[in-house]
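Data block below; observations after.
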Amino acid sequence: MANRIVITGAGGLVGRVLADQAARRHHEVLALTSAECDITDPTAAERFVSADDVVINCAAYTKVDAAETDAERAHAVNAVGAEYVAHACARAGAELIHLSTDYVFSGAKREPYEIDDETGPLSVYGRTKLAGEFAVLSAMPDAHIVRTAWIYQGGDGPDFVATMRRLAAGDEPVEVVADQIGSPTYVDDLVAALLEIAEGDIREPVLHAANAGAVSRYELARAVFELVGADPQRVRPVGSDRHPRPAPRPPYSALSGRLSAEAGLTPLRGWRDALASALQGVE
């Protein structure tokens, strides 16, 4: 019998898709929303985790801009809460996979970040997620940290690809920043990687799981327009200073999967192939 998959933060996009795909692969699944298991409660995770479970912590404070003025809450969820989950798993004899982010990097590089590259988050969100990485591995050295980036589904949600698809249906020009470069990641591909880690015997503690390649927000928006049959010329490149946000974003945060592949993780496909799959059949 496959191990039970326990998902914290199951109300979010990754958690929902993960619960569905794990069930399809005949895992017993315990999907816990943040209301059902508040990881900032020191004893919450302990009530649900048993020996031999694989816990996948998708619970996070992900409002990047709001975190700048809500740092205490962001730290409580992304760092302290993650540590509580790790302690619960260590005590129970469960495995743990904890999701992290490309925003732990500064963006000073101009080639995809490797697992062992120096971190340097620019935002409160990035700093709290990095603190969570350290806290998890301190509490449970054999846990897995999985960094990913720019997650999207492309349907009716609030993600970047979904937003661009909706805008493509109009006829107005659309301004998109051209000075933020990263690794857009289709949620189905990320979930497949998480389940591969859960079912396998990869030993590397920190992994990158993002669709391959580096692309700007502007280029990604143009690709969405092309793939849905809209005119990509309607997408206009602008600088981040044109649309200032409270939290600074790393100008370059593409993730390399090279060391993850060496550790045994199947490389995720290129970002454009993944985007085409995501948009295929979307009404």
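Values quoted throughout were computed directly from the atomic coordinates according to the rules given, and no laboratory measurement underlies them. Since the model is a prediction, treat every value here as computed from it, not as a measurement. Using ideal geometry, Cβ is built from the backbone for each residue, glycine included, and neighbour counts are taken over all protein chains shown.
Points worth noting:
- Residue (of Thr69, Tyr84, Pro141) at the positive-pole extreme of the range 8-144, dipole from beta-carbon charges: Thr69
- The coefficient of translational diffusion for the range 173-278, derived via Stokes-Einstein from the alpha carbon Kirkwood radius under 20 °C and 1.002 mPa s, stands at 141 µm²/s.
- Karplus-derived 3J(HN,Hα) values for the range 270-275, using 6.51 cos²θ - 1.76 cosθ + 1.60 with θ = phi - 60°, are x, 4, 6, 4, 5, 4 Hz; glycine and proline are entered as x.
- Structural descriptor for the chain: relative contact order 20 percent, calculated from alpha carbon pairs under 8 angstrom and at least 6 residues apart.
- Fraction of antiparallel bridges per DSSP, the range 130-277 only, in percent to nearest 5: 15 percent
- Among Val238, Val55, Val191, residue whose mean-square fluctuation peaks in a GNM of the chain (springs only between Cα atoms under 10 Å): Val238
- Residues in the range 101-116 carry Karplus couplings, in order, of 9, 5, 6, 6, 9, 7, x, 6, 6, 10, 8, x, 6, 8, 3, 9 Hz; the curve used is 6.51 cos²θ - 1.76 cosθ + 1.60 with θ = phi - 60°, and Gly or Pro positions show x.
- Prolate/oblate/rounded call for the range 1-155, Cα gyration tensor, a/c under 1.5 rounded: prolate
- Cα gyration tensor shape for the range 167-212, rounded if a/c is under 1.5, else prolate or oblate: oblate
- Local electrostatic count, Asp65, Cβ distance below 15 Å [Lys/Arg +1, Asp/Glu -1]: +4
- Mean-position separation - Cα centroids, the range 94-168 and the range 194-217, in angstrom: 11 Å
- For the chain, calculated [θ]222 nm from helices alone, where every DSSP H run of n ≥ 4 adds -39500 (n - 2.57): -9500 deg cm²/dmol
- Cut-off 11 Å (backbone N to label point 7 Å along Cα→Cβ of Ser240), residues of the range 94-128: 106-108, 122-123
- DSSP-defined antiparallel bridges as percent of all bridges, the chain, nearest 5: 5 percent
- Residues with amide H under 5 Å from that of Ile181, placed H, sequence gap 5 or more: Tyr252, Ser253
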